[in-house]
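A.B. asks: Following this message is one structure expressed as C-alpha cells.
Only the coordinates and a few stated rules stand behind these numbers; no lab work does. Owing to the predicted nature of the structure, the values given are computational and were not obtained by experimental measurement. Backbone-built Cβ (ideal geometry, glycine too); neighbour counts: all protein chains shown.
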Amino acid sequence: MRRDGTSVSASHPDQESEGLSALVRMTRIRAIYKAWLIHGDTVLWNSCSPVLHDAIDRGSGGFEFVPLKRQYFHLSHLVGVA
C-alpha cells in the first residue's frame, strides 16, 4: 500500500522501485549529456567504466553519437553506469 492509499499490483511488488530506478538512471544520463555539451568528451571519459576505456585503447570499442528521434525508455535498463 502506498502512502496515498493506492496499492501496487501483487504480481509486481517492486514495480514502484523499478520506476524510481529508471528515473534515477535517466536523470544521470541527462546530467552527463548536459555536462558533455558544455565540457566535451572529457566528461565521458570521467563517467565511463574502465572496461570501455580499455576497449577504446585496444581499438575494439568506441562512441557513436546519434540524435534519437524518439525516446527509448524501454531499453534504459540496458545502459550501464560507472
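A.B. asks: Quick one: length gained pulling residue 69 to residue 34 fully straight, 0.36 nm per residue minus the C-alpha distance?
C.D. replies: Values: separation 35, 0.36 × 35 = 12.60 nm, distance 1.80 nm.
Full-extension gain reported as 10.8 nm.
A.B. asks: Next question. Could you tell me the ratio Rg/Rh of region 15-78? Both radii from Cα atoms, Rh via Kirkwood.
C.D. replies: On the Cα set of region 15-78, Rg over Rh gives 1.01.
A.B. asks: How about region 50-80: which chymotrypsin sites (Phe, Trp or Tyr not before Pro) there lie in a loop by DSSP and see at most 13 other Cβ atoms within 10 Å?
C.D. replies: Those that pass, being in a loop and sparsely packed, are 63, 65, 72.
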